[in-house]
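The values are calculated or read from the model by the stated rules, or taken from the named source; none is laboratory data. Since we're looking at a predicted model, the values are computed, not measured. Virtual Cβ from ideal backbone geometry, glycine too; neighbours counted across all protein chains shown.
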């Protein structure tokens, strides 16, 4: 069963083409990753899939629903962890989850229970009543993950989930994602961390300048090009991810 099907997706901003006629699909229970540097088009693809912006052209279907036709039905089944921190700084940790649950018509009693379970999952139970301003960067990333799970989504969208984190905090988030993967969660991940793609993704799409260069498993890509994913990216695009 395909959860996401994309055919010839193009997204333009004026005369600039951010995503250039790409096609791919994502199966139920798969972790599909987009690997590329900032500006490759990864976040734009995610924004179209979770109905934040419409495609310029092409067909994008999520749960076999066209994103242009019924975005509300799609959003109800999604969990989104954005790259930027958009937590409410005027609320406590648990209030951020309970208030967000209202978007999905989750009753307060149920939302409070779910929030408590999710805070335990991301190891923030002792921070439940702490204001967002008093959290570290790693704690905020884990809270964003918890918030993305509040509606028990069928598809989880993770845009650079460990961006800016120290190695210890990054591995903590990876552990949570790997647990979700073992439970059969379907998710899409954008990253420019090679180790992240290798550890978590079943398949990766290597993107550069708005195009998909190739799609394969991390292991197959590294075997075919006799090197790490960093080597693969360099060979396929002529530049490193840092460029």
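When segment 150-170 is examined, which residues are found to be outside any loop (DSSP other than H, G, I, E, B) and touching a helix residue (DSSP H, G or I) at 6+ places or on another chain (Cβ under 9 Å)? Step through it out loud before you land on a result.
Quick first cut of segment 150-170, residues outside any loop (DSSP other than H, G, I, E, B) only: 155-159, 167-170.
155, 156, 157, 158, 159, 168, 169, 170, listed by residue number.
Answer yes or no: is there a residue in segment 78-94 that is under 15 Å from residue 151 (Cβ atoms), surrounded by 15 or more Cβ atoms within 10 Å (Cβ to Cβ) and free of Cβ contacts under 8 Å to residues at least 60 places away in the same chain. Steps first, please.
Of segment 78-94, the ones under 15 Å from residue 151 (Cβ atoms) are 78-81.
Cutting the leftovers down to surrounded by 15 or more Cβ atoms within 10 Å (Cβ to Cβ) gives us 78-81.
Of the ones still in play, those that are also free of Cβ contacts under 8 Å to residues at least 60 places away in the same chain are none.
Looking through segment 78-94, none of the residues is under 15 Å from residue 151 (Cβ atoms), surrounded by 15 or more Cβ atoms within 10 Å (Cβ to Cβ) and free of Cβ contacts under 8 Å to residues at least 60 places away in the same chain.
Per-residue answers, yes or no, for (1) outside the structural domain of residue 127 (by TED's automatic domain parsing); (2) buried (at least 20 other Cβ atoms within 10 Å of the Cβ); (3) within 30 Å of residue 73 (Cα to Cα):
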site: 144; (1), (2), (3): no, yes, yes
site: 191; (1), (2), (3): yes, yes, yes
site: 201; (1), (2), (3): yes, yes, yes
site: 215; (1), (2), (3): yes, no, yes
site: 239; (1), (2), (3): yes, no, no
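Just the residues that are outside any loop (DSSP other than H, G, I, E, B), more than 17 Å from the chain's Cα centre (by Cα) and closer than 21 Å to residue 24 by Cβ, please, taken from segment 62-90. So that I can check it myself, show each step before the final result.
Narrowing segment 62-90 to residues outside any loop (DSSP other than H, G, I, E, B): 62, 65-66, 71-75, 78-81.
Now drop any that are not more than 17 Å from the chain's Cα centre (by Cα), which leaves 65-66, 71-73.
Scanning segment 62-90 gives 65, 66, 71.
Please give the helices (runs of 4 or more DSSP H) falling wholly within segment 175-243 in which 1 or more residues are under 17 Å from residue 160 (Cα atoms), at pLDDT 85 or above and in contact with a helix residue (DSSP H, G or I) (Cβ under 7 Å, 6 or more places away or on another chain).
Values: elements: 194-200, 218-224, 229-237.
In segment 175-243, 194-200 are the helices (runs of 4 or more DSSP H) which contain 1 or more residues that are under 17 Å from residue 160 (Cα atoms), at pLDDT 85 or above and in contact with a helix residue (DSSP H, G or I) (Cβ under 7 Å, 6 or more places away or on another chain).
Determine whether residue 226 is closer than 21 Å to residue 80 by Cα and surrounded by fewer than 19 Cβ atoms within 10 Å (Cβ to Cβ). Steps first, please.
Values: closer than 21 Å to residue 80 by Cα: no; surrounded by fewer than 19 Cβ atoms within 10 Å (Cβ to Cβ): yes.
No; evaluated as a whole, the condition is false for this residue.
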